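K.L.:
Below is a structure I'd like to ask you about.
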Amino acid sequence: MHYAALASGSKGNCHALDDGERTLLIDAGISLRQIRQRLEGLGRRAEAVQALALTHEHSDHIGALAVILRRTDWAILATRETRKAAEKAQGIEIPNHRWIELEAGRATDWNGWRVLPFALPHDAADPVAYRVETGDCACAVVTDLGHPTALVADHLQELDLLVLEANHDVDMLREGDYPPHLKARILSRVGHLSNASMAELLAKVCSPRLRQVVLAHLSESNNHPDLARFAAEEVLRGTAVALHLAHQREPLALTTAFVKETP
Ligand SMILES: [Zn+2]
Ligand SMILES: [Zn+2]
């Protein structure tokens, strides 16, 4: 499985999973042009993208949806509530024939991939994270959650690759110059995951199988990459896990064990 963080952060999020034959995107918060350019820049085929799975309707996750509906034939995977909220937020309609209905907690087969959306605490209509399994590879993309729940930890057991939010350092956020209501929102139980909460969750899901961890959705104002990295390294010390950081402007690409190479 190839994984790429095409962009990650409050200005736009897009993750790509690719088994050598087809690509599934998770979220599209950067432009379609950027999505294609960044895939090509990584040596991946932009035409291999066949579907887009949505986590929730915030604009940093669905900003390109209207253009994607017009200019591509990708299937849109989303829960009923997220579909409705995305349509309302963007003033668009996702046609029924393009929509693959998801339900949090229920796995869906997508071309032989097992796609499992699961609920997380965030201030959106029906926010989910994804666990995706293909061949013998399991990975998960988990961002935009206010605190680590037991349900989330349950879904992150026995992964090969984990993409996990490390949004802010609590002290940097508290002392920073965000307006009080925004600080309160980010710090709330349905806001974003702090470095400390990320580390707490990581400790619960770290297994001998886990090989790669990507820290994602880092705030450019309220976090420093070194702080996020130190918090994760503390947990991963003594393990063989490779730690990476996803960025807003630069894509990050990784390969895990299983890739079907096209003949
Ligand atoms: Zn977000
Ligand atoms: Zn969000």
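K.L.:
Suppose R0 equals 41 Å. What FRET efficiency, 1/(1 + (r/R0)^6) with r the Cβ-Cβ distance, do Asp171 and Leu151 give to the nearest 0.05?
P.N.:
The value I calculate is 0.90.
K.L.:
Quote the convex hull volume per residue of the chain, based on C-alpha atoms, as a whole number of Å³.
P.N.:
Enclosed volume per residue, from the Cα hull, is 116 Å³.
K.L.:
Cut-off under 15 Å on the C-alpha distance; same-chain residues fewer than 8 positions from Lys11 excluded. Which aspartates and glutamates are left, in chain and number order?
P.N.:
Lys11 reaches Asp27, Glu57, Asp60, Asp144, Glu165, Glu220, Glu250.
K.L.:
Ratio of Rg to Rh for the stretch 9-143, alpha carbon only, Kirkwood? Present the calculation step by step, with values, prior to reporting the outcome.
P.N.:
Values: Rg = 13.6 Å, Rh = 14.7 Å.
When Rh is taken as the Kirkwood radius, the ratio is 0.92.
K.L.:
Once each part is reduced to its C-alpha centroid, what is the distance from the stretch 109-125 to the stretch 13-42 in angstrom?
P.N.:
About 18 Å separates the Cα centre of the stretch 109-125 from the one of the stretch 13-42.
K.L.:
Straight distance only, please: which aspartates and glutamates reach the Cα of Lys183 with their own Cα at less than 12 Å, same-chain residues fewer than 8 apart left out?
P.N.:
Asp169, Asp171, Glu175
Read-outs throughout are calculated quantities, based only on the coordinates presented, and are distinct from any laboratory measurement. Worth saying up front: this structure is predicted, and the values here are computed from it rather than measured. Counting neighbours? That spans all protein chains shown, and the Cβs are built from the backbone with ideal geometry, glycine included.
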